[in-house]
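Have a look at the structure below, then the notes.
The values are calculated or read from the model by the stated rules, or taken from the named source; none is laboratory data. Quantities reported herein were computed from a predicted structural model and do not represent experimental measurements. Note: ideal-geometry Cβ built from the backbone for every residue, glycine included; neighbour counts use all protein chains shown. Accessible surface is based on the protein model in full, side chains and every heavy atom, while ligands, DNA and RNA are left aside. Shrake-Rupley method; radii C 1.70, N 1.55, O 1.52, S 1.80 Å.
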Amino acid sequence: MFGYMGKILRVNLTTNEVTTEDLDFELAKKYIGGRGLGTKLYMDEVDPQVDPFAAENKIVFINGPLSGTATPTGGRYMVVTKSPLTGCIASSNSGGEWGAYLKYAGYDAIIIEGKASLPVYINIDEDKVEILPALDLWGKYTTEASDLLAEKQPGSKVLTIGPAGEKLSQMAAIMNEKDRAAGRSGVGAVMGSKNLKAITVKGNLKPEIANVEGLKAVTKECRAMLKENGVTGGGLPTYGTAVLVNIINEHGVYPTKNFQEGVDPDAEAVSGETMTEKYLIKRNPCHHCPIGCGRWVKSDKSPDGIGGPEYETLWVFAGDLGIDDMEVVIDANYWCNELGLDTISAGATLAAAMELYQRGYITDEMLDDDVILKFGNAESVVHWLKKMGNREGFGDLLARGSYRLADFFGVPEYSMSVKKQDLPAYDPRGIQGMGLQYATSNRGGCHVRGYLISPEILGLPEKLDRFDLSGKEVWAKVFQDLTAVIDSTGLCLFTSFALGAQQYADMLNEVLGTEWTAEDVLLAGERIWNLEKLFNLEAGISPEEDTLPPRLLEEAMPDGPTKGWVHKLDELLPLYYKERGWDEDGIPTEERLEKLGLL
Amino acid sequence: MSIKIKLFANFREGRGKIVEMDYTPGMTGQDVIDSLGITAPEIAALIVDGVDGKVDAMLAVPIKEDGYMAIFPPVAGG
């Protein structure tokens, strides 16, 4: 078996049983790995109607066939489970080193089931796998927990949850190497529900490669393409993802004050250019990554600096809150990492709370005369993040996310979310294809299920008219399917700014010994997308939830280069369903499922 | 009268964030980038007076009196 390690580790936290199983190579190839194979393994074992916090729910940690190989960025892993935030399938991705080390320990995936009676962590050192007590770690912030685990298990890579996961916040992330996050969909709370604080992993094993010389050649070619590309070889290494702040703002699609506006006149203060000039210490790359978009920035938290915020984090704690202070954002990012919170949903929940305060739903009395949650109030950000992550006072309500917060007051329309997951940093009123992608994303509001910002704003691979609807359903499907492939290989999505389906097929072929074409891998991506859709349907997620917040469909953008526009989802959605080969109600047809090998 | 040119990322190197230029009737984006020493293939996105589009097409659009341009090299993220 090439590419894969051939072993799945199963850990039952109720019975303390640890077993290994052989990986089904044919099944693995059909779903590639990562997001695709993880979803298949999960769906084969778990009832989609399961309560995400029940012991019967499981959680899958899985790398991809390119993880731990010489391919560029091959160090990522995926967490697959049922989301406590959305009720949809969750597949949350993280970089750093942990994913590659899971492979070096000899495993393609870990399936965790049951629930421990007391807090535990799992230590993996190749064939030695232990379930160990974690009472001394429970309640600890990410850095302290990670440092303690590094002392207990020298040389291991550490994955952990923070207090938010322990206290079952639906926005809880899973952190690895302290500042890398499987951030979205509340996967950290599923770990918390199992009393599982952490997983440490180390090893020295390597996957067997089908064609070593061929892999060297294609890796060299792909690395050259990444280096020569203006984005992956220039913009991202120099400025990080923060470079998006200005270009998104200039197009009038930079969501400001909970998507009430689309232009922030002071956005420059939190831009990539400002970060590079005033705060950047060095780049902070992930495993085998030639791009190195990660930032290491100045902070009063450490004289050596700390992990810096990404674009989405900069936007949500700046423009979306009406605050433009880089130091506030760096601090908020630090505290989200320490608490184990998804920065996007945590910040968006504060934005929704600020709009609820603006409109009189949240009052000073409800906040116990604590710090006011008001747009522009920088003092409120970290103050309420800590209460959110620790579920203290009004923070307990905030910890449930923006949808449940706004719904508590009877006005869910003030949650800027899709399927209860908060939208990221692009207002779809001026990016029609991206809005379609948001509405149809299988994990709810998300930008990394099909990044149509590339063609609609950034001009990559070609510039599309961002207001024009024609052909956007085709672009959305292709981007969604290709993203599902990349998420399944173990590589970073950012490689796709320079590489195409053919390069992913080439790398997989040299590693696995397959002879896939670009069309073959895209078909695998479509299979994965439909598999996720089937889970959601069986979980009770109606196609009626393929929609956007009413504001984005009904309220015209008030000002700026997107002034006057709403999103025209009602025109695009039927075209998208047709393009996917689904019926007019958004249900995959038997004919399509049969073609995809899903019947 | 003058127009304002907003520059981003590495286009700022040696030029600054904002360049003000004298306005001449009929001047286009191509005239602007020629004077700034920027070539069309270096540009990934271009906004002229609040309107964006394909770079080649936008470079031919006349800029308004008191108007502005925003010029971006290849950038991305997410």
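Burial annotation for the range A:524-563: residues with an accessible-area loss of at least 10 Å² between the isolated chain and the complete set of protein chains, computed on heavy atoms with a 1.4 Å probe, are A:561.
Residue ranking by accessible heavy-atom surface, 1.4 Å probe, largest first, among A:213, A:510 comes out as A:213, A:510. Rolling a 1.4 Å probe over the protein heavy atoms of chain A, with every protein chain left in place, gives an accessible area that is 48 percent carbon and sulfur. Multiplying each eigenvalue of the alpha-carbon gyration tensor of the protein assembly as shown by 5 and taking the square root yields semi-axes of 37, 29, 25 Å, largest first, rounded to whole angstroms. Legend: residues in the range A:242-283 shielded by at least 30 square angstrom of accessible surface upon adding the remaining protein chains to the isolated chain (1.4 Å probe, heavy atoms) are A:243, A:247, A:250, A:251, A:268, A:273.
The eigenvalues of the Cα gyration tensor, multiplied by 5 and square-rooted, give the range A:7-202 an equivalent ellipsoid with semi-axes of 22, 20, 16 Å from largest to smallest. Calculated mean residue ellipticity at 222 nm for the protein assembly as shown: -10000 deg cm²/dmol, from DSSP H runs with n ≥ 4 weighted as -39500 (n - 2.57), summed, divided by the residue count and rounded to 500.
What you get for the range A:240-421, charging only the Cβ of Lys and Arg (+1) and of Asp and Glu (-1), is a dipole of about 680 debye around the Cα centre.
Measuring from centroid to centroid over Cα atoms, what is the spacing of the range B:29-78 and the range A:155-185 in Å? So the two Cα centres are separated by 42 Å. In loop segments of the range A:350-392 as defined by DSSP, the GluC sites (Glu not before Pro) with at most 13 further C-beta atoms inside 10 Å of their C-beta are A:365. Ranking B:1, A:326 by solvent-accessible area of protein heavy atoms (1.4 Å probe, all protein chains present), from largest to smallest, gives B:1, A:326.
Here the range A:96-120 is scanned for amide nitrogen atoms under 19 Å from the site 7 Å beyond the Cα of residue A:206 along Cα-to-Cβ, giving A:97-108.
Pairing chains B and A buries close to 2000 square angstrom of accessible surface in total, based on protein heavy atoms and a 1.4 angstrom probe.
Using the heavy atoms of the protein chains alone and a 1.4 angstrom probe, what is the accessible area of the protein assembly as shown per residue in square angstrom?
On the way: 22710 Å² over 677 residues.
Value for the protein assembly as shown: 34 Å² per residue.
Return a whole-number percent for the relative contact order of the range A:1-66, with Cα pairs under 8 Å and 6 or more residues apart as the contact set. Before the final figure, lay out the partial values.
On the way: 56 pairs, mean separation 19.2, N = 66.
After rounding, I find 29 percent.
The eigenvalues of the Cα gyration tensor, multiplied by 5 and square-rooted, give chain B an equivalent ellipsoid with semi-axes of 19, 14, 11 Å from largest to smallest.
Label positions at residue A:18 and residue A:151, each projected 7 Å from the Cα along the C-beta direction, are separated by 2.3 nm. Sequence-distant contacts, meaning Cα pairs under 8 Å at least 6 residues apart, place the relative contact order of the range B:1-76 at 42 percent. Element breakdown for chain B at a 1.4 angstrom probe: carbon and sulfur atoms account for 54% of the accessible area. Placing +1 on each Lys and Arg Cβ and -1 on each Asp and Glu Cβ, with no other charges, gives the range B:2-72 a dipole about its Cα centre of roughly 240 debye.
Remark: for residue pairs A:227/A:578; A:40/A:257; B:17/B:64; A:115/A:140; A:220/A:301; A:301/A:420, the C-alpha separation exceeds 28 Å in A:227/A:578; A:40/A:257; A:220/A:301; A:301/A:420.
With N denoting the number of residues in the range A:216-351, provide Rg(C-alpha) divided by 2.2 N^0.38 Å, to two decimal places. Mind showing how you got there, number by number?
Working: Rg = 15.6 Å, N = 136, 2.2 N^0.38 = 14.2 Å.
Against the empirical 2.2 N^0.38 Å value, I get 1.10 for the range A:216-351.
Accessible surface of residue A:311, taken over heavy atoms with a 1.4 Å probe and every protein chain present, rounds to 0 Å².
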